[in-house]
Amino acid sequence: FFFLQKKIDSIWKTYETETKYRITKAYRDIREHAGDQAVIIVVGYPGLLNVKGDKTFFNETEAQYIDFQVQKFNDELQKIVQSLQIEDKKIRYVSVMSDFFGHEAYTNDPYLNGIIMPARSDDLDNQSISSSYSLHPNKKGAEIYADCVQDIIDQTEGDWSNAYRRFVYREKYLKN
């Protein structure tokens, strides 16, 4: 646990000095290139691990710690979006935490992949010890993400034809 905590602490040290600035700049760059009519939707991360799930890779304390850190990062993303809403009303934050609750990796009905070892041939780094698909949404998880984003699109004023195109895309490609 100490190694995990030390690694995550080092990531947070660079957050305030570098990462927060880069995320904010990325959202401003998206606005600049997308134009004033586009709505920027920032989607948070789900809880990754359920403490009652498989203990192969993470014990209960580690799983709780990791998910606490995910929530902490989501809180930071939401703060960035809120600060940008002062200058840009067309940026939204979407939380998916409650939609994934009980469906974390290693549950009976997961929306996230567990740790996949070794890397797969279609990974960018297929020589890695684990796949980049690890702890990422599976097909059902992608559908849940799409539903959460669609809900925000449906609530957002603006170009409804774009919302309709996204809906058609979701129905056509994510349901297959």
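Are any residues in segment 77-103 part of a loop (DSSP other than H, G, I, E, B) and within 20 Å of Ile144 (Cα to Cα), and if so, which ones?
Passing the criteria: Ser95, Val96, Phe101, Gly102, His103.
So how many residues does segment 78-91 have that are out of contact with any helix residue (DSSP H, G or I) (no Cβ under 7 Å at 6 or more places or on another chain) and in contact (Cβ under 8 Å) with a residue 12 or more places away in the chain?
Residues flagged as out of contact with any helix residue (DSSP H, G or I) (no Cβ under 7 Å at 6 or more places or on another chain) and in contact (Cβ under 8 Å) with a residue 12 or more places away in the chain within segment 78-91 amount to 4.
Of (1) in contact (Cβ under 8 Å) with a residue 12 or more places away in the chain; (2) among the aromatic types (Phe, Trp, Tyr); (3) surrounded by fewer than 16 Cβ atoms within 10 Å (Cβ to Cβ), Phe57 satisfies all except one. Which?
Every listed condition holds for Phe57 apart from (3).
Please state which of the following conditions Asn74 fails to meet, knowing it meets all the rest: (1) assigned to a helix (DSSP H, G or I); (2) in contact (Cβ under 8 Å) with a residue 60 or more places away in the chain.
Failing condition for Asn74: (2).
Could you list, in sequence order, all residues of segment 33-67 that are β-branched (Val, Ile, Thr) and more than 16 Å from Val94 (Cβ to Cβ)?
Within segment 33-67, Val51, Thr56, Thr61, Ile66 qualify.
Please determine, by comparing only the residues of segment 19-38 that are open to solvent by less than 40 Å² (accessible area, probe 1.4 Å) and not in a helix (DSSP H, G or I), which one is farthest from Asp151 (Cα to Cα).
Gly35
Six or more apart or on different chains, Cβ under 6 Å: which pairs go from a residue in segment 128-154 that's open to solvent by 70 Å² or more (accessible area, probe 1.4 Å) to one that's among the aromatic types (Phe, Trp, Tyr) and not in a helix (DSSP H, G or I)? Could you list them?
Hits for this filter: Lys140/Tyr111.
The values are calculated or read from the model by the stated rules, or taken from the named source; none is laboratory data. Please read these numbers as outputs of a predicted model, since none were measured by experiment. In this analysis, Cβ positions are derived from the backbone assuming ideal geometry, glycine residues included, and neighbour counts consider all displayed protein chains. Surface areas here come from the heavy atoms of the whole protein model, side chains and all, with no ligands, DNA or RNA. Shrake-Rupley method; radii C 1.70, N 1.55, O 1.52, S 1.80 Å.
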